[in-house]
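Since the structure comes first, as structure tokens, the remarks are kept for the end.
The values are calculated or read from the model by the stated rules, or taken from the named source; none is laboratory data. Bear in mind the structure is a predicted one, so any value in this text is a computation, not a measurement. All Cβ positions, glycine included, derive from the backbone under ideal geometry; neighbour counts span all protein chains shown. The accessibility values were calculated without ligands, DNA or RNA, using every heavy atom of the protein model including side chains. Shrake-Rupley method; radii C 1.70, N 1.55, O 1.52, S 1.80 Å.
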Amino acid sequence: MDKVKEKGAVVTALGAMSGTSLDGVDAAVLQTDGVSIHGFGPQDYREYAEEERAALRSALGHWSGPALEPATEVVMAAHEALLSGFEGIDLVGFHGQTVAHAPRLQGTLQLGDGAALAQALGNPVVWDFRSADVELGGEGAPLAPFFHFACAKWMQATSPVAFLNLGGVGNLTWVDPMRDAPEEEGALLAFDTGPANAPVNDLVQARRGVPFDEGGRIAASGTVETGALELFLAEPYFARMPPKSLDRNDFAEMVGLVQELSDADAAATLTAMCAAGVAEAMQHCPSPPSQVLVTGGGRHNPVLMKMLEVSLDCPVRPVEDVGLDGDMLEAQAFAYLAVRVARGLPTSCPGTTGVRAAVGGGTVSYP
């Protein structure tokens, strides 16, 4: 029997993630049977050049049209170049690049052709992870929570824990590690908290020509405009019950709220908006988590981390404190999900995306 489909066999899976921050592609190897984590393998990163980032940015919010073709070429070339450097791989999980996400309207769109990538790499590729969830009434996001459940088991947690991913958009996963399976009722609650790095990235790119506020240095010298923060928190999204999800540009008007402010004050205010969205989100947790483990680029911003520490009622720590890799967690998640898809296991459930029943998304393409 094909090892990938053999229940219980440990698979060497390679996952790739290109997030809404548009910084580059992460790739990481995971040894897993689709239930438990058996080991972590090599990893690598390919940064997007500025012209590539510009092509991707031009495609954001488009469901069709001429902007998608050059952006797709960037996605495919970057993934093929990065993933071809790994050896001994049984299966690849390819997320692609999300450019539009409106699950209640048009659906969700990730650029990239998994079938073409399978041919180029000579490995089976699992892709199009989100469509099946959306078709069954789910938000299609976030999808990392099933892997977060496996991580909580791997770290032998004995009380609820929360994973907070701060990429372009923020998302929170509350995990009860004492449950037996991620799809079990009460095991998981997951949803997007609000914008995270994307508005700050867009601001400093437009004003200073740099891709992000490195080390939070710009925000650190600014003052938060409380009036703009209050307007932000009045957005209807925060009153919606989870599960719920966002498109990268759903809060594009945030930049308008700070357009009259100095660079430093604007960056500080947008950073505070991210932290405030997380604080609002914590109220939805079924029970207080014992700790919040932060993953994604936002954990490298000491200003944002300090804001979170002040506003949350539990310890806030980077995931490295428990032996995980916050730069590669989402790439590892899609390696994990790829094995689950290949074995017919669910990848989302009512508590993570609001889908009507536990569902396994994804298409498997063979070379």
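Helix content alone sets the calculated 222 nm mean residue ellipticity of the chain: runs of n ≥ 4 DSSP H residues at -39500 (n - 2.57) each, divided across all residues, give -10000 deg cm²/dmol.
Computed packing ranks the peptides 196-204, 121-129, 317-325, 54-62 as 196-204, 121-129, 54-62, 317-325, most packed first, by mean other Cβ atoms within 10 Å. Once you've got the GNM for the chain with C-alpha springs shorter than 10 Å, pick whichever of Met282, Met76, Met155 has the biggest mean-square fluctuation. Among Met282, Met76, Met155, the largest GNM mean-square fluctuation belongs to Met155. The stretch between Gln259 and Met241 holds 3.5 nm of extra length on full extension. This uses 0.36 nm per residue minus the Cα-Cα distance. Packing, as the average of other Cβ atoms within 10 Å across residues, places the peptides 215-224, 139-148 in the order 139-148, 215-224, highest first. Here the stretch 1-159 has 50 percent of its accessible surface on carbon and sulfur atoms, given a 1.4 Å probe and all protein chains in place. Restricting the calculation to Cα atoms, the stretch 176-224 shows an Rg/Rh of 1.31 when the hydrodynamic-style radius is the Kirkwood one. Measuring nothing but alpha carbons in the stretch 1-137 and taking Rh as the Kirkwood radius, the Rg to Rh ratio lands at 0.99. Our compactness index for the chain, the C-alpha radius of gyration over the empirical 2.2 N^0.38 Å, is 0.93.
For the stretch 297-367, the carbon plus sulfur part of the accessible surface works out to 53%, probe radius 1.4 Å.
The overall shape of the stretch 72-229, judged from the alpha-carbon gyration tensor, is oblate: a/c is not under 1.5, and a/b is no greater than b/c. Computed on the stretch 100-141, the Cα convex hull volume stands at 67 Å³ per residue. Please report the net charge: other residues with Cβ closer than 14 Å to the Cβ of Asp128, K and R +1, D and E -1. Its environment carries a net charge of -2.
On a per residue basis, the chain carries 39 Å² of accessible surface, using protein heavy atoms and a 1.4 Å probe. Separation of the stretch 64-105 and the stretch 224-248, taken as the distance between their Cα centroids, equals 29 angstrom.
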